[in-house]
1. GNM on the chain, C-alpha springs below 10 Å: top fluctuator among SER229, SER73, SER316?
2. Arranged by the count of other C-beta atoms within 10 angstrom, fewest first, what order do HIS130, HIS310, HIS184 take?
3. Pick from GLY135, GLY286, GLY18: which residue has the top mean-square fluctuation in a GNM of the chain where Cα pairs under 10 Å get a spring?
4. In the chain, what percentage of the DSSP-assigned beta bridges are antiparallel, given to the nearest 5?
5. Write down the percent of antiparallel bridges among all DSSP beta bridges whose residues are both part of region 291-404, to the nearest 5.
6. Enter the angle in degrees (range 0 to 90, nearest 10) between the Cα long axis of helix 166-176 and the first principal axis of the Cα atoms of the chain, meaning the one along which they spread out most.
7. Which whole-number percent is the relative contact order of region 273-397 (Cα, under 8 Å, 6+ apart)?
8. Using only the alpha carbons of the chain, what is the convex hull's orientation-averaged projected area in square nanometres?
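Readers should treat all values here as calculations from the given coordinates under stated rules, not as data from a laboratory. Being a predicted model, the structure only gives us computed values, none of them experimental. Backbone-built Cβ (ideal geometry, glycine too); neighbour counts: all protein chains shown.
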Amino acid sequence: MQEQFTNEQLVQVAKEFGTPLYVYHAEKIKEQYQKLTSTFSDQDVTFFYASKALTNINILRYIKEIGCNVDCSSINEVRLALHAGFEPMRILYTSNGVDFAEIEEAATAGVHINIDSLSNLEKFGKKYGHTYPVGIRIRPNIMAGGNLKISTGHEGSKFGIPVDQLDKIEEVVQSTNLYIRTLHIHTGSDIKDPDVFVKGIEVLFELIPHFPELEIIDLGGGFKVPYKSDEEETDIKLLAKKIKKTFDDHPIAGNKKFKVWFEPGKFLVSEAGYLVANVTVLKDNGTTVFAAVNSGLNHLIRPMMYDAYHRIENISNPDGNKKVYTVTGNICETDTFGTDRELNEIREGDLLVFYNAGAYGFEMASNYNSRFRPAEVLIKNNKASIIRKRDDIEDLLRNQIEQH
Ligand code: LLP
């Protein structure tokens, strides 16, 4: 199975579709999914792709085609998942801070729902009572994740209902006769250490006796993927082993046979995506040689937002002498993609590739500086199809109401 595009393939698609361009590798998504399913094949585990990472409808359809379910963080993601053809039972809506009307719409659609506040839990109980099984997102007070901006399970985090408010949860459940089928946690993104998941399970185990109808332990997403060449992804085999042991060793869970759910986003699509951009200007400012590309934080915000590292290569001159460059975008504020990177000699007009651009790349793109968002191309069975056209001036004016 082909895992990565060659430089020539990327140069070819860039020629055909122009730059800046997001390119996705379908089989890489499948490979990542199968890595998960084959490793957990002896456990009752289901995966829901966290679609917030990349929601292009063709990606959602591909996710469906390979047999994966889908996790949504807004009612619009639920609508997109339904549009992509997912049956409601394959859709999970993990809401956060949302208007109750969104939860009602999700319930009308018949999808799985996790609720993350006492307020919405109470509204849900008053409306649905025992008729609609539901999940509760618990804040387990665990600090995890690659950096604070993507940590969600610690004390002080806005996510979930703090585990120490169990008495309040019980009050709501009892007074409204709720049917609690799932307990959910998601402690962060970029989690390398499998023990973080074990710790989370242990927190939830304490709650089991309080929810007799519990069937599902939903451990969220957050598996790490390698961004740098010396990094490794979460050891899924070790994770599977530890999870099995944690459940087997527990006096209640060992017998009760809970279902386990995960919601991976990055793990499925990060490495499948590439952002290809064109070097527009080379500028030697005396101390630094800047290579500016026809892209920027408007297309890939992760370096500026999280100090995230994205590997960069010059695919137009792979044999050129190595030189040091700071790669920037063309946005009218600092938008550095990479500082002091050793790259094959860059000439204006060369194509640079930013790796790991599949997750939270296009999805977090904007029209800042009134620039167009890139086109997206999906390569499947070696065939490249355009799955989103590049914005044009009409897109910038759409929805604006010109008062004369
Ligand atoms: N489940 C829930 C409830 C989540 O909030 C998230 C991500 C996921 C699953 C998927 O997490 P993943 O497997 O992708 O790590 N924009 C940031 C990441 C934000 C993650 C938000 N929630 C980034 O680019 O690093």
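1. Taking springs between Cα atoms under 10 Å, the residue moving most is SER229.
2. On the way: HIS130 11, HIS310 20, HIS184 24.
Going from sparsest to densest Cβ surroundings: HIS130, HIS310, HIS184.
3. It is GLY286.
4. Numbers: 28 of 63 bridges.
So the antiparallel bridges amount to about 45 percent of the total.
5. Numbers: 14 of 16 bridges.
In region 291-404, approximately 90 percent of DSSP beta bridges are antiparallel ones.
6. It works out to around 70 degrees.
7. Values: 267 pairs, mean separation 35.0, N = 125.
28 percent.
8. Computed as one quarter of the Cα hull surface, the answer is 22.3 nm².
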